[in-house]
Amino acid sequence: MPPDKLIMTSSQVGRGTETDTIRPPRPRNPCHACDVREMSVCSSLEPAELDRLSAIASKVTVDARATIIYEGEEADNVFNLTLGTVRLSKMLPDGRRQITGFLFPGDFLGLVFTETYGYTAEAVTAVSLCRFPRWKFEALLSKFPHLEKRLLSIASNELMAAQDQMLLLGRKSSQEKVASFLLMLSRRAARHGLPDNPIDLPMNRADIADYLGLTTETVSRALKRLHKNGLLTLPSPSQVALLQPEALEELTGDDLP
């Protein structure tokens, strides 16, 4: 690192031995001003620790519909999503796609306990991520136990989400599945301080169908039925307004916080 450039003040001109100098301020670590820091894995770190994490990070931008990681490839990196929406999926033996989840700003990507990724991650919209080499990130875990604790919390939440999806796929009707999905998006937006009604739907109907184990046509019919029953409106294909959240909760059996 080259030394900071010294800048002479106007009072120094013609003053041989007086050496007052001003050092320009060092650039601020952008991680400290990150919009999603408080909802991400970084929230557990003190400023000096955040600097250590930032030192191993690189910013990555990915176009919509591009693949970020492939199922089965070497799990060399982990990521923190800072902008956009990502879908996680697995391929079934018969060639069908099962979407296992959607990630939003603040979510962590690439957390695995094997040497390869267990799913494919694709950008639904244009996304930005912080990328960390996995071995360097894991090395920091031994130095920052609270970071490891935060990761365990994330892993626990992912397990709970997987259990919820098993219930969603196995026990609910198509209309209940769609209603539960909308309530899930609304809750998540509220937890992150974002507008929870109307709900933004960055994913298309096919993505929703592959997440809920339905066909695209069935998802569209379920939305129309919920609309006809006065539970929601569809201001646009990418937005849903919940008119009666309590009635949706009663329909699904889900408890709103």
Rounded to 10°, Cα long-axis angle of helix 134-143 versus longest principal axis of the chain: 70
Cα-Cα separations in the chain greater than 28 Å, expressed as whole percent: 45
GLU49-THR61 pseudo-label distance in nm [points 7 Å out on the Cα-to-Cβ vector]: 3.1
Selection from ALA66, LEU226, PHE102 lying farthest towards where the dipole of the chain points positive, charges on Cβ: ALA66
Calculated FRET efficiency for the pair LYS224/HIS192, C-beta based, R₀ 30 Å, to 0.05: 0.55
Cα→Cβ-extended label distance, 7 Å offset, between GLU250 and MET166, nm: 3.1
Given the chain, longest segment not containing exposed loop chymotrypsin sites (Phe, Trp or Tyr not before Pro) (DSSP; at most 16 other Cβ within 10 Å): 114-257
DSSP-assigned coil residues among GluC sites (Glu not before Pro) in the range 42-118, each with at most 16 further Cβ atoms within 10 Å: GLU71, GLU73, GLU115
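With runs of 4+ DSSP H residues as the only contributors, calculate the mean residue ellipticity of the chain at 222 nm using -39,500 (n - 2.57) per run, divided by the residue total and rounded to the nearest 500.
When only DSSP H runs of four or more count, the value is -11500 deg cm²/dmol.
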0 to 90° range, to nearest 10: angle between helix 145-171 axis and the chain longest Cα axis: 20
The chain: relative contact order as a whole-number percent, Cα under 8 Å and 6+ apart: 16
Rounded to 10°, Cα long-axis angle of helix 216-228 versus longest principal axis of the chain: 80
Number of Lys pairs (Cα under 27 Å; 8 or more positions apart or on different chains) in the chain: 11
DSSP-assigned coil residues among trypsin sites (Lys or Arg not before Pro) in the range 81-179, each with at most 11 further Cβ atoms within 10 Å: ARG96
The range 208-257, relative contact order [Cα under 8 Å, separation at least 6], %: 19
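We did not get these values from a lab; they are worked out from the coordinates using the rules stated. Since the model is a prediction, treat every value here as computed from it, not as a measurement. Cβ atoms come from the backbone with ideal geometry, glycine included; neighbour counts cover every protein chain shown.
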